[in-house]
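Single-structure report; data block below.
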Amino acid sequence: MVAAGQSAVVVGTGGVGLSIIMGLNLVGATPIIAVDLSEEKLAIAKRFGATHTVTAGPTTEQTIREITGGGADYAFEAIGRKETIESLPGLLVRGGTAVLVGLPPADETINFDGLALAEGGIRIVGSNYGSTVPGRDFPRLAELYLAGKLPVDELISDRISLDDVNEAFDAMRRGERARSVIVF
Ligand SMILES: NC(=O)c1ccc[n+]([C@@H]2O[C@H](COP(=O)([O-])OP(=O)(O)OC[C@H]3O[C@@H](n4cnc5c(N)ncnc54)[C@H](O)[C@@H]3O)[C@@H](O)[C@H]2O)c1
């Protein structure tokens, strides 16, 4: 749904956010702006094709507006936090689309300003596993990988043994590494 030349911001660049950036890069979105608290994740996001990186903070919205000249065409949330989900419309240009990818806790209620959504023509959509149709999309994704256009291997920061799983969880909670894979 994102077209070449459209702008996109991805809030949260863990394994899921990095995969979104991979897809945005593939379709030629520009600029692609990565937002995260972790400098390490932002450095990885650059390798996946982010054209700009923004350290999350109180000036995030203003920075996105400056980079995009008024707001992004698409804003993805890939954390699952109420506050960052609710921040998406503020990152968008008139007519832009907020894509909810992160999964908030089941009992969480997300609030949006209805007037601002209506006046701005903002769309809010959810996406589960990229809204993939496996029979159609998996062969395509495999072909893109084999053609070197989907750097999935880069998502693996570490290959660990089962004994190292607690340390890997701690690193994940600190916002370090993209993905650790247990090799049995
Ligand atoms: N919709 C789907 O298809 C789907 C599929 C799998 C996972 N998920 C969900 O996607 C979300 C992300 O999963 P993940 O595996 O990438 O998680 P992760 O922990 O690897 O990444 C989360 C990232 O968010 C960053 N972050 C945390 N707080 C932040 C803040 N306030 N501002 C900016 N960045 C912040 C962290 O530094 C980290 O890089 C989770 O909610 C997960 O349940 C959704």
Across region 134-178, what is the total count of residues that are aromatic (Phe, Trp, Tyr) and within 20 Å of LYS46 (Cα to Cα)?
-> 1
Of all residues in region 13-42, which are over 23 Å from ASP137 (Cβ atoms) and either assigned by TED's automatic domain parsing to the domain that holds ARG174 or crowded, with 24+ Cβ neighbours inside 10 Å (or both)?
-> ILE33, ALA34, VAL35, ASP36
Subset of region 13-42 [over 22 Å from GLY148 (Cα atoms), near the ligand (Cβ under 6 Å from one of its atoms) and out of contact with any Leu (no Cβ under 9 Å at 6 or more places or on another chain)] = LEU37, SER38
For region 38-76, name all the residues that are part of a strand (DSSP E or B) and either among the small types (Gly, Ala, Ser) or over 20 Å from LEU26 (Cβ atoms) (or both).
-> VAL54, THR55, ALA72, ALA75
Find the residue count for region 43-66, including only residues that are within 17 Å of ILE20 (Cβ to Cβ) and away from the ligand (no atom under 13 Å from the Cβ).
-> 5
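The values are calculated or read from the model by the stated rules, or taken from the named source; none is laboratory data. Since the model is a prediction, treat every value here as computed from it, not as a measurement. Every residue, glycine as well, gets a Cβ built from its backbone with ideal geometry; the counts of neighbours run over all protein chains shown.
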